[in-house]
Amino acid sequence: MIAGFTVGLIVTGLQQFGTVPLILKAEVFEKAVEAHQGAHAAASPQETVASHSHSDHVHAAEAWEPRDGLERNAYTAAANVLTAIGFALLLAGFFSVRSGATGESVSWHEGLMWGLAGFVVFTIAPGIGLPPELPGVPTAPLLSRQIWWGVAALATAAGLGLVVFRRSVPASIAGLMLIVLPHLIGAPELEHVDTNVPSSLSHQFVVAVTLTSLVFWSVLGGLTSIAFAYFDGESIKRRLRA
């Protein structure tokens, strides 16, 4: 929880200079399209159902959203902190199993390597097929994207586990096949994407999200390993004294 809280606040600060300005720029384009569609619907009410079903769906999905400014930033920070705590607990579980199996404490650089593995599993592998998208950019149905994302992350994690921990030629081949398999199947995508959001803005967003995620996982892995080693060492001392 200490590591997750710290990393969540760090990432929130980075987002204010990286991803947030790009999202705000994209929302300007998105709202311009919505305003144009609203004006067209008012001028031609007969075509509302046929021409603006997607817009209606978007408005229905956006029944509530936090106000810009402090409220929006607070929700972003809370989401980042909770996400970081969840992943830190997951890492701590791996560290506990690893420490129990080897009888040695987890070093910070080993924690860093685990963090980089998380970056590969949860950012790089799914991002190859489903890169981060800005508001106003149409995407495939949410459920199909979620399923593919989960399959890609699980397959990558299992593949890396086979390559790193089994350390045999058959296991390495099987691991590489697992890593590649979701991308051979292909991520769900639209045949035609019609958006007024500039492609250069989307590219900047992908880079910003990827770099922010790299910092997230690197710092989370290192801090979690340091915190785990400290508290694990204290528990060992208490057991020895008892």
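See the values below:
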read-out: Rg over Rh, two decimals, segment 134-227 (C-alpha only, Kirkwood Rh); value: 1.07
read-out: Low-density loop cleavage sites - GluC sites (Glu not before Pro) in segment 84-155, where at most 12 other Cβ are within 10 Å (DSSP); value: 104
read-out: Whether segment 65-141 is rounded, prolate or oblate, judged on the alpha carbon gyration tensor where a/c under 1.5 counts as rounded; value: oblate
read-out: Estimated distance in nm for a label pair at residue 184 and residue 165, the labels positioned 7 Å out from Cα along Cα-to-Cβ; value: 2.4 nm
read-out: Segment 60-117: trypsin sites (Lys or Arg not before Pro) falling in loop per DSSP and having at most 11 other Cβ within 10 Å; value: 67
read-out: Normalised convex hull volume, segment 77-185, alpha-carbon set, Å³ per residue; value: 125 Å³
read-out: Reciprocal mean inverse distance between Cα atoms of segment 100-142 - Kirkwood radius, Å; value: 13.2 Å
read-out: Rounded accessible area of residue 128 (nearest 10 Å², 1.4 Å probe); value: 110 Å²
read-out: Descending semi-axes in Å of segment 146-187, equivalent ellipsoid built from Cα gyration tensor; value: 20, 10, 4
read-out: Fraction of accessible area attributable to carbon and sulfur, segment 136-242 (%, probe 1.4 Å); value: 69 percent
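The values are calculated or read from the model by the stated rules, or taken from the named source; none is laboratory data. Because the structure is predicted, anything quoted here is derived from the model rather than measured. Quick reminder, even Gly has a Cβ in these numbers, built from the backbone with ideal geometry, and neighbours come from all protein chains shown. Accessible surface is based on the protein model in full, side chains and every heavy atom, while ligands, DNA and RNA are left aside. Shrake-Rupley method; radii C 1.70, N 1.55, O 1.52, S 1.80 Å.
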